[in-house]
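J.: Here's a structure for you.
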2 protein chains.
Amino acid sequence: MKKEKLIKILKEKGISPTLQRIKIYEYLLESKEHPTIDMIYKDLIGEIPTLSKTTIYNTLYLFKEKGLVQELTIDENEIRFDARTDLHAHFKCIKCGKIFDLEFISKDFRIKNLENYKVLEYHLYIKGICPDCLKSY
Amino acid sequence: MKKEKLIKILKEKGISPTLQRIKIYEYLLESKEHPTIDMIYKDLIGEIPTLSKTTIYNTLYLFKEKGLVQELTIDENEIRFDARTDLHAHFKCIKCGKIFDLEFISKDFRIKNLENYKVLEYHLYIKGICPDCLKSY
DNA sequence: ATCATTGCAAACACTTTGCATACGC
DNA sequence: GCGTATGCAAAGTGTTTGCAATGAT
């Protein structure tokens, strides 16, 4: 995605497009890995040598607040972020630790008494072994 | 549930029924709160004054390995455990932090290419505001 | 000059590890 | 007595906080 487009998206959400924010958002969009804070940090510190993890935390929680990213809690230890905010499922491989996006063909789950709750987020997490790890068994 | 029954269940799973393990399992079964390690610790330290968190960790991961409990990752900060291992959904209230069990009326979600993966666990997590917190708005 | 943003360093909180002690057959 | 279970203390890891420095208008 072009840098101008990214800046436009950030501005539309009311986020002032600083270098750090642009780079972090760009990274999230391009990475298909649902990166952790640490992954983002390690990959961007080359480009932005003064980058701190604090800024990444600040930025991602700001993005989340503005509805630009979603936070995943599929992982036991670390928080992960996803720039896709539409409804899709996530698969975590217990062998390699990777997290994959999965698409719904149909999603018709009805839940008892859910009308009494105010729903803000849905997360479907599936854990198991991914195709690659199954092969090398 | 009677203590004898608990001991029987533990033995059937190949877990030697020590006092700590019985109490922790009993607590999990009776609590509807999907407690964190800390909640278990605080509530049982009165009964078992020498109890340590290490033992609670050991015990719960042993239980998990034996299929007696499931681990929830709905929470950002803490791991929670649930003695119900059948498929049901979990709701986390972002106001009060409580976690509720929700029952499926129907669950027909089909996911693209899932046949390439080996599925071990499903988790449906919903976040929002619970009925009680909605009232006091 | 003022306000927002960044980022270092310290503090925190939860979890894991190492190892010595205690328990049970 | 020997293997298992327990639990203290220390270390480890991810996250949050306080605050000073920087940057933008």
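The values are calculated or read from the model by the stated rules, or taken from the named source; none is laboratory data. As the structure is a computational prediction, the values presented were derived from the model and not from experiment. Using ideal geometry, Cβ is built from the backbone for each residue, glycine included, and neighbour counts are taken over all protein chains shown.
J.: Can you name the number of the only condition in (1) modelled with pLDDT under 95; (2) within 20 Å of A:Thr73 (Cβ to Cβ) that A:Asp108 fails?
T.: Tallying (1) modelled with pLDDT under 95; (2) within 20 Å of A:Thr73 (Cβ to Cβ), A:Asp108 fails exactly one: (2).
J.: State the number of residues belonging to segment A:45-72 that are within 13 Å of DNA strand D (Cβ to nearest atom) and within 10 Å of the chain's Cα centre (by Cα).
T.: Total satisfying the criteria: 4.
J.: Filter segment B:1-32 down to residues that are touching a Lys or Arg at 6+ places or on another chain (Cβ under 7 Å), part of a loop (DSSP other than H, G, I, E, B) and more than 12 Å from DNA strand C (Cβ to nearest atom), then give me how many there are.
T.: Qualifying residue count, segment B:1-32: 3.
Conditions (1) charged (D, E, K, R); (2) in contact with a helix residue (DSSP H, G or I) (Cβ under 8 Å, 6 or more places away or on another chain); (3) near DNA strand D (Cβ under 9 Å from one of its atoms); (4) modelled with pLDDT under 95, marked per residue:
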{"residue": "B:Ile7", "(1), (2), (3), (4)": "no, yes, no, no"}
{"residue": "B:Lys11", "(1), (2), (3), (4)": "yes, no, no, no"}
{"residue": "B:Gln20", "(1), (2), (3), (4)": "no, yes, yes, no"}
{"residue": "B:Thr36", "(1), (2), (3), (4)": "no, no, no, no"}
{"residue": "B:Ile40", "(1), (2), (3), (4)": "no, yes, no, no"}
{"residue": "B:Asp43", "(1), (2), (3), (4)": "yes, yes, no, no"}
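J.: Looking at segment A:35-52, is at least one residue touching a strand residue (DSSP E or B) at 6+ places or on another chain (Cβ under 7 Å), of a type outside the set (A, V, I, L, M, F, W, C) and more than 10 Å from DNA strand C (Cβ to nearest atom)? Step through it out loud before you land on a result.
T.: Narrowing segment A:35-52 to residues touching a strand residue (DSSP E or B) at 6+ places or on another chain (Cβ under 7 Å): A:35-36.
Filter once more, so that each one left must be of a type outside the set (A, V, I, L, M, F, W, C): A:35-36.
So of that shortlist, the ones also more than 10 Å from DNA strand C (Cβ to nearest atom) come out as A:35-36.
Within segment A:35-52, one or more residues are touching a strand residue (DSSP E or B) at 6+ places or on another chain (Cβ under 7 Å), of a type outside the set (A, V, I, L, M, F, W, C) and more than 10 Å from DNA strand C (Cβ to nearest atom).
J.: Restricting to segment B:113-137, what's the tally of residues that are more than 7 Å from chain A (Cβ to nearest Cβ) and under 16 Å from A:Val119 (Cα atoms)?
T.: 4
Per-residue answers, yes or no, for (1) touching a helix residue (DSSP H, G or I) at 6+ places or on another chain (Cβ under 9 Å); (2) away from DNA strand C (no atom under 15 Å from the Cβ):
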{"residue": "A:Ile56", "(1), (2)": "yes, no"}
{"residue": "A:Lys64", "(1), (2)": "no, no"}
{"residue": "A:Thr73", "(1), (2)": "no, no"}
{"residue": "A:Ile79", "(1), (2)": "yes, no"}
{"residue": "A:Thr85", "(1), (2)": "no, yes"}
{"residue": "A:Cys93", "(1), (2)": "yes, yes"}
{"residue": "A:Phe109", "(1), (2)": "no, yes"}
{"residue": "A:Leu114", "(1), (2)": "no, yes"}
{"residue": "A:Lys118", "(1), (2)": "yes, yes"}
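J.: Identify, from the list B:Asp82, B:Asp86, B:Asp101, B:Asp38, the residue that is touching a residue at least 60 places away in the same chain (Cβ under 8 Å), closer than 30 Å to B:Lys5 by Cα and among the acidic types (Asp, Glu). First the steps, then the outcome.
T.: Numbers: B:Asp82 fails: touching a residue at least 60 places away in the same chain (Cβ under 8 Å); B:Asp86 fails: touching a residue at least 60 places away in the same chain (Cβ under 8 Å); B:Asp38 fails: touching a residue at least 60 places away in the same chain (Cβ under 8 Å).
Of B:Asp82, B:Asp86, B:Asp101, B:Asp38, the one residue that is touching a residue at least 60 places away in the same chain (Cβ under 8 Å), closer than 30 Å to B:Lys5 by Cα and among the acidic types (Asp, Glu) is B:Asp101.
J.: Which number in (1) more than 26 Å from A:Glu65 (Cα to Cα); (2) at the interface with chain A (Cβ under 9 Å from one of its Cβ atoms) marks the one condition that B:Thr50 misses?
T.: Only one criterion in (1) more than 26 Å from A:Glu65 (Cα to Cα); (2) at the interface with chain A (Cβ under 9 Å from one of its Cβ atoms) is unmet by B:Thr50, namely (2).
J.: Next question, about the same structure. Which residues, counting only those in segment A:81-112, are closer than 22 Å to B:Ile99 by Cβ, more than 7 Å from chain B (Cβ to nearest Cβ) and surrounded by fewer than 18 Cβ atoms within 10 Å (Cβ to Cβ)?
T.: Selection gives A:Leu87 alone.
J.: Pairs, please: C-beta under 7 Å, at least 6 apart or cross-chain, first residue in the same structural domain as A:Lys11 (by TED's automatic domain parsing) and in segment A:52-67, second within 7 Å of DNA strand D (Cβ to nearest atom)?
T.: From segment A:52-67, the pairs are A:Lys53/A:Ile37; A:Ile56/A:Ile37; A:Tyr57/A:Ile37.
J.: Of the numbered conditions (1) in contact (Cβ under 8 Å) with a residue 12 or more places away in the chain; (2) under 17 Å from B:Asp108 (Cα atoms), A:Ile74 fails exactly one; give the number of that condition.
T.: (2)
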